[in-house]
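Heads up, the thing below is written out as structure tokens.
The values are calculated or read from the model by the stated rules, or taken from the named source; none is laboratory data. Everything numeric in this text was worked out from a predicted model, so none of it was measured. Reconstructed Cβ throughout: ideal geometry from the backbone, glycine too, with neighbour counts over all protein chains shown.
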Amino acid sequence: MSRAITIQTNFTSGEIDPLLAARTDIGQYYNGLDKARNVTVQPQGGIERRQGLQFVKQIDSGASPEDGTRLIPFEFSTTQSYMLLFTHNRVYIYKNKALVTNINGSGNDFLATSIASTKLSTLDFAQSFDTLILVHEDLTPFKLVRGASDSTWTISAISFDHVPFHAFTTSTTEPSTTVTPSAVDGSITITAGSSIFDADDVNQYIEVKDGLGRARIVKLNSGTVVEAIVEIPFFDTSAIASGDYVIESGYEVTWSATRGFPRTATFHEGRLYLGGTKSRPNTLFGSRVARFFDFNPGEGLDDDSIEATLDTDSVNAIIGLFSGRDLQIFTKGGEFFVPQSSLDPITPSNIVINGSTRRGAKEGIKPVGVESGTLFIQKSGKAVREFSFSDTELSYVSANISLLSSHLLSTPTDMALRKATSTTEGDMLFIVNNDGTLVMYSLLRDQNVIAPSLASTGPDVATITVSDFSNIAVGTELTFTDNNGTVITLQSEAVGSSAPSSASGNTHFFRPNSSNNTTADNLFTAFGNISQFVVKNPAAAVVTVKRVVPGDDNLTVTTTDSTRLTVTNFTKSDQFLNVAVDVETVYCVVKRSINGSDVYYVEAFNDDNTTDSAILFSGGTLPGSTSLSGLTHLEGETVKVIVDDAMQANKVVSSGAITLDAVPTSYVEVGLDYTPKVKTLPVELKLPSGNIMAQKKRIVEATTNLYLSQNLTLNGNDFSFTAASFFTGKKRRKPILGFDRNGQLTFSQSQPLFFNLLGVEYKVSVGQ
């Protein structure tokens, strides 16, 4: 038996994919974690409780938030920025974490321009000054304009000065008369020898055979005279005989309800770029310079509109545009860019689209820019990739920055980036999964910091439905199993009115009552005796069960009598749905189960909060007594109460109020608990004799390095802290564990207070 000491000085690799559990040959293993849940990894290396969520506003039920929501930031100036919440045919405007107004005002928040909730997940946008452009392949492009004040906004369909035309189906005619151009190039008139023109010829073409001239008709003056713009110069201004030219027809507007509308937008170097329609999925359109709603190709001059199509061996539908070092184009099949020098703008004559990587992007998730490149979600949803220019390859490369943490990504639905605002911070990338969890990446790319963690909110919930209470057989069991191996069992005894037997270890008993055939009261009572669960009063024959402490471990429930006891497995009762960043403030839409009903809240991460859906009372809102109201959004819920940096007893909100244990002097925070969990990777020592992965080991002592911390547990045991104070320094605990093959430490919290773990030192005893 030998003993050794090892130190983990930082956690800058965050949570590591279980598939890498044996990769002790890579440096990230020694900076990584087995679990990093509801914590944030700091770029300096430490790990802390994640920010709590401040309650902002409940979304009106009439807005049908259950059908879909979308958050879009709007930065009007350096001092004025907003968060826009789109729901079914409605838009709400938030500023400084407060609702300012709703579009159309006067309480009428229905939009004149309707945006159905089904469109929100793939709605794209681009902003220039006071105007937000919104596009969707099934909607006429529209604009949202901020007026003279916070509460003045208008939304309307865009009235384009000119829309591109395209020959989806073409035909030609050969009129039996001459046509004569007034000039060989530029804007000209064309005169026919007899009346051959009508209104349908506008935006169609006159083309001379053998490539000796081509012009687009732009205006009908009369049956014999049209105005046109030359695209291929005419040979001369002589009359062109019948049979030497054709009128080419079949050109129609590119954007329409029939052909589809652009699905993505961005502003780049003075132009509005739109891309990807149903009928022309791989075509890019650029407006005229400084005329964002004019897509007239004109004479092909440098400031005229641009149109270019990706020429590839497959249909690469454009689903994302980003203005970065170059104009970047993201498609379902690969990534492209428009190369240009710093001195040469993109023009109709020099535009070239180069292919670079062939990963494909996920539709509906807008790419975001970081200092080193552009981040996008790969089409599969299992990778975050960084699209950046390589000076050695003179092209773009696409690096998988989530390779070590792909297990945290579960069909992403939304993404946002909060850029660092000081030299001590890194960027924070937020990704919403479709299971309601939130992946958080702490990024400091120049230091190679890519530190992921996973956030969740609210408890796991299951339901048990009782169909025939009186005929439940003796010995019928409900079994709850954690993936850590913990098993809790409820077992039925004989029918009768007497109290059930006392618990035996992790087995608890309930006694069916023959007179209790329509309710689950007895089962409800049995659950109430189990400290790990909270139950709600049954509705008819349904018992709703919540975990006391929200956890990341999977919890399953099974029954030996699925006929009389029907179970639904544990799912997240509260879920992240959307995320967006207003300069520094990270907003979320959160679905919560409150007092037995599903509700939808706008909430925002806040440095001062350590609970979720929280309200902070201070200054003028601080109560002068123990009575605290204003908590209607948490009605019926058990809440955590923090007063002047110290915990009070848990409270249940009734009529929107609670009674405090003492009168506060500084502040009160009331909110829902969430539980951090930090679990180290299996300890691996670099010994002269080789690695110890297969050997038994025991952590006999652990010393933590803490900064401004108030509460922390190690393997379920609390460290000692002085109440209402912040500790900086080292705390030690021994002995820790018995012998096993892993040697892991689990840090958590018993109270929702601040902690910052900078590092940990192990003393390890190694056996055989």
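Worth pointing out:
- Enumeration of residues in region 220-276 that are touching a helix residue (DSSP H, G or I) at 6+ places or on another chain (Cβ under 6 Å) and either closer than 15 Å to residue 165 by Cα or among the charged types (D, E, K, R) (or both): 244
- When residues of region 27-82 are limited to those that are among the charged types (D, E, K, R) and surrounded by 17 or more Cβ atoms within 10 Å (Cβ to Cβ), the one nearest to residue 152 (Cα to Cα): 70
- Top-ranked residue in region 282-335 [being within 21 Å of residue 396 (Cβ to Cβ) and charged (D, E, K, R); ranked as surrounded by the most Cβ atoms within 10 Å (Cβ to Cβ)]: 335
- Answer residue from region 339-361, given it is closer than 30 Å to residue 383 by Cα and among the small types (Gly, Ala, Ser) and is nearest to the chain's Cα centre (by Cα) among those: 361
- Within region 365-400, the set of residues being touching a helix residue (DSSP H, G or I) at 6+ places or on another chain (Cβ under 6 Å) and basic (Lys, Arg) comprises just one member, 382.
- Filter pass, residue 426 being of a type outside the set (Asp, Glu), in contact with a Pro (Cβ under 8 Å, 6 or more places away or on another chain) and modelled with pLDDT under 95: yes
- Restricting region 352-367 to residues that are free of Cβ contacts under 8 Å to residues at least 60 places away in the same chain and more than 21 Å from residue 137 (Cα to Cα), the residue that is surrounded by the fewest Cβ atoms within 10 Å (Cβ to Cβ) is 352.
- Residue 275 vs. criteria closer than 22 Å to residue 325 by Cα and surrounded by 16 or more Cβ atoms within 10 Å (Cβ to Cβ): yes
- Residues that are more than 18 Å from residue 197 (Cβ to Cβ) and in contact with a Leu (Cβ under 7 Å, 6 or more places away or on another chain) do not occur anywhere in region 246-256.
- Just one of the listed residues (327, 301, 343, 310) is touching a residue at least 60 places away in the same chain (Cβ under 8 Å) and of a type in the set (A, V, I, L, M), and it is 327.
- Of the strands (runs of 3 or more DSSP E) that lie entirely inside region 137-200, those containing 1 or more residues that are at pLDDT below 95 span 139-146, 153-157, 165-173, 187-192.
- Flag for residue 442 being modelled with pLDDT of 90 or more, assigned by TED's automatic domain parsing to the domain that holds residue 323, buried (at least 18 other Cβ atoms within 10 Å of the Cβ) and assigned to a helix (DSSP H, G or I): no
- Residue 478 more than 30 Å from residue 587 (Cβ to Cβ) and part of a strand (DSSP E or B): yes
- Meets criteria (assigned to a strand (DSSP E or B) and modelled with pLDDT under 90) for residue 247: no
- The residue that is surrounded by the most Cβ atoms within 10 Å (Cβ to Cβ), among those in region 625-652 that are closer than 19 Å to residue 751 by Cβ and either without any contact (Cβ under 8 Å) to a residue 24 or more places away in the chain or in contact with a Gly (Cβ under 7 Å, 6 or more places away or on another chain) (or both), is 640.
- Per-region count, region 715-768, residues within 26 Å of residue 44 (Cα to Cα), in a strand (DSSP E or B), modelled with pLDDT under 95 and of a type in the set (Ser, Thr, Tyr): 3
- Set 563, 558: member being modelled with pLDDT of 80 or more, of a type in the set (S, T, N, Q) and either in contact with a strand residue (DSSP E or B) (Cβ under 9 Å, 6 or more places away or on another chain) or not in a loop (DSSP other than H, G, I, E, B) (or both): 558
- For residue 338, the stated conditions hold: it is in the same structural domain as residue 263 (by TED's automatic domain parsing), under 28 Å from residue 304 (Cβ atoms), crowded, with 18+ Cβ neighbours inside 10 Å and among the aliphatic types (A, V, I, L, M).
- When 237, 258 are checked against the criterion of being loosely packed, with under 14 Cβ neighbours inside 10 Å, under 27 Å from residue 312 (Cβ atoms) and of a type in the set (Ser, Thr, Tyr), a single residue qualifies: 258.
- In region 728-747, the count of residues that are touching a Pro at 6+ places or on another chain (Cβ under 8 Å), in contact (Cβ under 8 Å) with a residue 12 or more places away in the chain and under 27 Å from residue 606 (Cβ atoms) is one or more.
- For region 600-624, the tally of residues that are surrounded by 14 or more Cβ atoms within 10 Å (Cβ to Cβ) and under 20 Å from residue 580 (Cβ atoms) stands at 11.
- Note on region 568-624: residues that are among the aromatic types (Phe, Trp, Tyr) and more than 20 Å from the chain's Cα centre (by Cα) amount to 2.
- Residue within region 224-234 that is of a type in the set (S, T, N, Q) and closer than 30 Å to residue 80 by Cβ present: no
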